[in-house]
Amino acid sequence: MGRGPDSLGRRVMAVKRDNPYAGFNFEVDLGDGAVAGFSEVSGLSIEVQTIAYREGSDKRNVVRRLPGLARVSDVTLKRGVVGSLDLYSWLREGVLGAAQRRTVVIRLMTEDRSDVAVTWKLIGAFPVKLTHGPLTAAANAVAVEELVLAADALELE
């Protein structure tokens, strides 16, 4: 059963299958409409904290656990340094006290990149950290910048 087209007009369909999807076909929309290239996305998780509760008149000698507040983990995006200042500009807005919150969409694609397998939406996301480097003269590596996002909610489609 399909879910209709995504924001880029592609057919979006969640399909149950025997083999898991490969984690190397994905795209990231930073909420400005442009799909950005990243080599790694980590930290896509949500946790429900628990509340320990026991009534004094409870005949059972156990503490009950109740669901509490939900917390979305910070999400880290890594890419090679490409000379663009767009990530820095977004972070700079927050430094100046005007953090622009966006809905960041991360799509896991099928092997042939024709369909979206899973979509994560970070609601109310804004940058909290931007790291560059390390720069090592003797290394054979790509210079990497790392963007850490905080978000209010995480939705999975």
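Computed from the coordinates by the stated procedures, all read-outs in this text should not be read as laboratory data. For clarity, every value in this text was computed on a predicted model and none was experimentally measured. FYI the Cβ positions are ideal-geometry reconstructions off the backbone, even for glycines, and counts take in every protein chain you see.
Where only DSSP H runs of four or more residues are counted, the chain gives -2000 deg cm²/dmol as its mean residue ellipticity at 222 nm, each run worth -39500 (n - 2.57).
Loop-located GluC sites (Glu not before Pro) across the range 17-80 with a Cβ neighbour count of 10 or fewer within 10 Å are 55, with loop assigned by DSSP. Placing +1 on the Cβ of every Lys and Arg and -1 on the Cβ of every Asp and Glu, with no other charges, gives the range 88-157 a dipole of roughly 300 debye about its Cα centre. Each Lys and Arg Cβ is given +1 and each Asp and Glu Cβ -1; about its Cα centre, the chain then shows a dipole of about 600 debye. Amide H contacts of residue 40: 78, each under 5 Å away and 5 or more positions distant or on a separate chain (H built 1.01 Å from N in the peptide plane; Pro and chain starts excluded).
Of all the stretches in the chain, which is the longest one without any exposed loop site, taking chymotrypsin sites (Phe, Trp or Tyr not before Pro) in a DSSP loop (any state but H, G, I, E, B) with at most 15 other Cβ atoms within 10 Å? Counting only loop sites that pass the neighbour cut-off, the longest clear stretch is 25-157. Computed packing ranks the peptides 135-143, 108-116 as 108-116, 135-143, most packed first, by mean other Cβ atoms within 10 Å. Based on alpha carbons, the Rg and Dmax found for the range 2-156 are 19.9, 68 Å. Taking the charge dipole of the chain about its Cα centre, with +1 at Lys and Arg Cβ atoms and -1 at Asp and Glu Cβ atoms, the residue from 66, 147, 28 reaching farthest to the positive side is 66.
Relative contact order of the chain: 25 percent, from C-alpha pairs under 8 Å at least 6 residues apart in sequence.
Taking the number of Cβ atoms within 10 Å of each Cβ as an exposure proxy, the fewest-first ranking of 50, 119 is 50, 119. The residues neighbouring residue 70, those whose beta-carbon lies less than 14 Å from its own, together hold a net charge of -2 under the Lys/Arg +1, Asp/Glu -1 convention.
How high is the relative contact order of the range 82-124, in percent, counting Cα pairs under 8 Å that sit 6 or more residues apart?
Working: 38 pairs, mean separation 12.7, N = 43.
Relative contact order for the range 82-124 comes out at 30 percent.
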